[in-house]
Amino acid sequence: MSSLAKKGQFDVSAKELNLSDRSLEISWSDGKVATFHYLWLRDNCPSGFHPSTQERLFNLTTVSPDIYATEGKFDQTTLSISWSEEAHKSTYQLQWLYENAYSSDFKKPNTSVIVPWGTEILNDMYEVEYNDLMQDDLALFSWLKSVQESGISYVRNVPCTDEGVTDVANRISFLRQTNFGTVFDVQSKPNPINNAYTSEALPLHIDLINQETPPGYQFLHCLMNDSLGGESTYADGFKIIDELRKTDPKAFHLLTTVTVPMRFHDFETDIRTRKTIINVDENDQLIELRYSPHLVDTFDMDEKIMDRFYLAFRKLMVLINDPRFVISVKMTPGDLCIFDNRRVMHGRNSYKAGDGYSGARHLRGCYVDRSDFESRLRVLARTYS
């Protein structure tokens, strides 16, 4: 609910309305001024939406680009407009206009809930019990909020069954299918197609950067871990990128503007994309990190920037391995870790296979996309926020 709405009442009123060639301007009682362009207003006329689905039915090409308001008037709650075409009339709620205004007086502050972290998170990582998570929607809501903020959390005492990881993930939403399947088993295998399926150390990385859109949230459930070594490692990519932006803005700029080829291939697949390693929005807010040295293909940028790009990429790699940012956790059977796969890098220390050690380490994993995760959180917020 808008902060302007108190017990259902809208506390700001329209004071003055001015029409011009391509837009109208409303002056509000709190001193703010909002411009609304005619094409925007016509496109958002309430009559142009299906009454049940609320999906837009109006086709913008049915009016001319020069449509304008011939008359406008407002009362305490609504703005009414008569249009120059089709004798059409529109009525808008003033509260809706105020809350969706896009002029400079209404510029939205950064509302990101992300809380970057380094090694200090080891003392403050959010945890939840499996039974609470599965039975209590409020516990689920609190957990999802925390995961959205820090990008990582642990669920304890998850049943060590094949369905344990999917039961938790399905509590949120649908599972994402990839070329590794809907569910995958991380354990040492003969003739592996991926470094994860060995007992070797696995450097910090983001999964499946070669996909057009990498999976959003990853779930890893420990079924067995009686090996020597094999600790899970994690690092907050957004914390590291903030450090890079502060210490080497030129490197940050290269990694956010120059695209590189990314590829995974085996006997059955050859999946490629071309993206920047760091992705930001138009306000330079971080969206995702695509860091996986074993999945970047041969760099092919212009020779004028090749050396500078390599130096920038190396600078990022050095920070990723800086002990200030990396945590190490030994998972035990029943532990499940969820993390934002497009923000939090994960890896693994090598583990012993042989020499008197069974080397048995078995994690079972799956993915849920960000959009589905965030949808579940928004719907729960209607009840618990």
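The values are calculated or read from the model by the stated rules, or taken from the named source; none is laboratory data. Note that the structure is a prediction, hence the values are computed from the model and not measured. Positions of Cβ are generated from backbone atoms using ideal geometry, with glycine treated the same way; all protein chains shown enter the neighbour counts. Side chains are part of the model used for accessible areas, which takes the heavy atoms of the whole protein and leaves out ligands, DNA and RNA. Shrake-Rupley method; radii C 1.70, N 1.55, O 1.52, S 1.80 Å.
Worth pointing out:
- Just so you know, in segment 200-210 the residues that are assigned to a loop (DSSP other than H, G, I, E, B) and open to solvent by 30 Å² or more (accessible area, probe 1.4 Å) include one that is modelled with the lowest pLDDT, and it is GLU200.
- Some residue of segment 217-226 being assigned to a loop (DSSP other than H, G, I, E, B), modelled with pLDDT under 95 and of a type in the set (S, T, N, Q): no
Let's see how each residue does on (1) within 30 Å of GLU127 (Cα to Cα); (2) in a loop (DSSP other than H, G, I, E, B); (3) in contact with a His (Cβ under 6 Å, 6 or more places away or on another chain); (4) among the aliphatic types (A, V, I, L, M):
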{"position": "ARG245", "(1), (2), (3), (4)": "no, no, no, no"}
{"position": "VAL260", "(1), (2), (3), (4)": "no, no, no, yes"}
{"position": "ARG274", "(1), (2), (3), (4)": "no, no, no, no"}
{"position": "PRO293", "(1), (2), (3), (4)": "no, yes, no, no"}
{"position": "TYR310", "(1), (2), (3), (4)": "no, no, no, no"}
{"position": "GLY334", "(1), (2), (3), (4)": "yes, yes, no, no"}
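- Residue identified as at pLDDT 95 or above and open to solvent by 80 Å² or more (accessible area, probe 1.4 Å) among GLN93, GLN76: GLN93
- Residue in segment 131-140 that is touching a residue at least 24 places away in the same chain (Cβ under 8 Å), closer than 18 Å to LEU377 by Cβ and buried (at least 19 other Cβ atoms within 10 Å of the Cβ) present: yes
Listed here are the residues, each with its yes/no results for (1) exposed (fewer than 13 other Cβ atoms within 10 Å of the Cβ); (2) part of a strand (DSSP E or B); (3) within 36 Å of the chain's Cα centre (by Cα).
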site: ASP66; (1), (2), (3): yes, no, no
site: GLY72; (1), (2), (3): no, yes, no
site: SER80; (1), (2), (3): no, yes, no
site: THR111; (1), (2), (3): yes, no, yes
site: GLU120; (1), (2), (3): yes, no, yes
site: TRP143; (1), (2), (3): no, no, yes
site: GLU149; (1), (2), (3): no, no, yes
site: TYR154; (1), (2), (3): no, yes, yes
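- Residues (in contact (Cβ under 8 Å) with a residue 12 or more places away in the chain and assigned to a loop (DSSP other than H, G, I, E, B)) located in segment 52-64: PHE58, VAL63, SER64
- Any hit, segment 342-354, residues being in a loop (DSSP other than H, G, I, E, B), in contact with a Phe, Trp or Tyr (Cβ under 6 Å, 6 or more places away or on another chain) and crowded, with 18+ Cβ neighbours inside 10 Å: yes
- Of the residues examined, ASP300 is one that is open to solvent by 50 Å² or more (accessible area, probe 1.4 Å), modelled with pLDDT of 95 or more and part of a loop (DSSP other than H, G, I, E, B).
- Condition met for PHE313 (within 30 Å of TYR130 (Cα to Cα), surrounded by 17 or more Cβ atoms within 10 Å (Cβ to Cβ) and under 25 Å from the mean Cα position of the chain (by Cα)): no
- Residue check, ARG382 in contact (Cβ under 8 Å) with a residue 24 or more places away in the chain and not hydrophobic (A, V, I, L, M, F, W, C): no
- Taken residue by residue, segment 339-357 has no member that is at pLDDT 95 or above and more than 15 Å from HIS205 (Cβ to Cβ).
- Some residue of segment 159-177 being more than 27 Å from THR383 (Cβ to Cβ), in contact with a Phe, Trp or Tyr (Cβ under 8 Å, 6 or more places away or on another chain) and either open to solvent by less than 70 Å² (accessible area, probe 1.4 Å) or at pLDDT below 95 (or both): yes
- Scan of segment 53-88 for residues that are in contact with a Gly (Cβ under 9 Å, 6 or more places away or on another chain) and among the basic types (Lys, Arg), ordered by number: ARG56
- Residue count for segment 227-243 under the criterion of being open to solvent by less than 30 Å² (accessible area, probe 1.4 Å) and not in a strand (DSSP E or B): the result is 6.
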